[in-house]
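Step one of this worksheet: look at the structure below.
The values are calculated or read from the model by the stated rules, or taken from the named source; none is laboratory data. All values derive from a computational prediction rather than experimental measurement. Every residue, glycine as well, gets a Cβ built from its backbone with ideal geometry; the counts of neighbours run over all protein chains shown.
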Amino acid sequence: MGIAGCGVAARIHLDRLLAQEDVAIVGCADPELSAARALADRAVHHAESRSTAVPAFADHRELLREAAPDALAIFSPHRTHYRVAMDALQAGCHLFVEKPLSTNVQEAADIVSLARGRQLKVGVGHQYRLCPSLVEARRCLAAGMIGPVRLVTATLARPWLTTLGAAESTWRFDVKGAGGGVLADAGDHLVDALLWTTEQVAHEVAAFQSQWDPGIDLITAAAIRLADGTPVTLAISGISPGALFSLEYFGELGRLRATDQTLEEERFGAPRQDIPLPAASRTIDGDFVAALRDQTPLCCPADQALDTVRLLEAMARSATTRQVVRLV
């Protein structure tokens, strides 16, 4: 595998990738060459038995040409995903793309179309799909445990600037810059979790954003109507402490509340109780490697991530125009 984008996300994923027996890093690329060299050195020290040298490049196209990887992992700023992904697919590489797939629906659709035409796999880093509480919530909803769902509330609250470090994370919150704001960053995880657990798509949205000068998006709130008419309230904060996320599903027979650590059930006429959850046993990186090695299904293929990008773009457009946006 090659790696494009060598910041904090790449350092986190590198350890997980090299925990897979069948993976070797053959090159690291970043416009800041010192970052590429630092990650390449980390890869060598992490896996000395499999690699004696990992070259560093200032341009992902050099990596594709010189190292010829089987797959490329993209951890570059959000708005750069499209160009790197298209170049890699044209070079015949499978892709792992850290979320979001793109911040633009047309770009995301282009990636999906080219990958399909080249018969290449594109996995997207929606790792919340592997969270035991959400896996179980999806199963319970599909089984009708709380009856037809009539309302969903979804929140994510975390002081991202202090958590990730201002030096490496400020770009994520710039609406017009490389990151696309908290909506495209943390919000991508929450939106995908909402659509995946309910097994629906969004049909309509009205959204609002609170920004700090000079255009730093830190809070987004939205009202969403799903395909079956179920209303959703969704809110994301990059400045508030709290549970990483909370999704609460209100059905005709009761409710479910999922956080990053727990799943709580409350049926009408019965006491509230926690549903036992297994320990997390998979990583999104291991899932991608298994899909290439064993031909298992991807946890989040690019065509599914497209629905998330579509809703994110509609939310951003609604917040800008102050109008309700219909997706279909």
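Evaluate segment 200-223: report whether one residue or more is within 21 Å of V124 (Cβ to Cβ), of a type in the set (A, V, I, L, M, F, W, C), at pLDDT below 85 and outside the structural domain of V97 (by TED's automatic domain parsing).
no
Output the number of the condition that E266 fails; it satisfies all remaining conditions of (1) in contact (Cβ under 8 Å) with a residue 60 or more places away in the chain; (2) surrounded by fewer than 19 Cβ atoms within 10 Å (Cβ to Cβ); (3) among the acidic types (D, E).
Going through (1) in contact (Cβ under 8 Å) with a residue 60 or more places away in the chain; (2) surrounded by fewer than 19 Cβ atoms within 10 Å (Cβ to Cβ); (3) among the acidic types (D, E) one by one, E266 breaks only (1).
Residue-by-condition table, conditions (1) under 17 Å from the mean Cα position of the chain (by Cα); (2) closer than 27 Å to L95 by Cβ; (3) outside the structural domain of E136 (by TED's automatic domain parsing):
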| residue | (1), (2), (3) |
| --- | --- |
| L247 | yes, no, no |
| G254 | no, no, no |
| D260 | yes, yes, no |
| R272 | no, no, no |
| P276 | no, no, no |
| D287 | yes, yes, yes |
| D294 | no, yes, yes |
| A305 | yes, yes, no |
| L311 | yes, yes, no |
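Can you tell me which residues in segment 1-25 are surrounded by fewer than 20 Cβ atoms within 10 Å (Cβ to Cβ), of a type outside the set (D, E) and more than 17 Å from the chain's Cα centre (by Cα)?
L18, A19, Q20, A24
Identify all residues within segment 315-328 that are among the aliphatic types (A, V, I, L, M) and modelled with pLDDT of 95 or more; write none if there are none. Before you say what the answer is, go through the steps one by one.
Residues of segment 315-328 among the aliphatic types (A, V, I, L, M): 315-316, 319, 324-325, 327-328.
Selection gives V324, V325.
Table: residues versus (1) of a type outside the set (A, V, I, L, M); (2) crowded, with 17+ Cβ neighbours inside 10 Å; (3) at pLDDT 95 or above.
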site: P132; (1), (2), (3): yes, yes, yes
site: L141; (1), (2), (3): no, yes, yes
site: G147; (1), (2), (3): yes, no, yes
site: R150; (1), (2), (3): yes, no, yes
site: L156; (1), (2), (3): no, yes, no
site: L164; (1), (2), (3): no, yes, no
site: A167; (1), (2), (3): no, no, no
site: V175; (1), (2), (3): no, yes, no
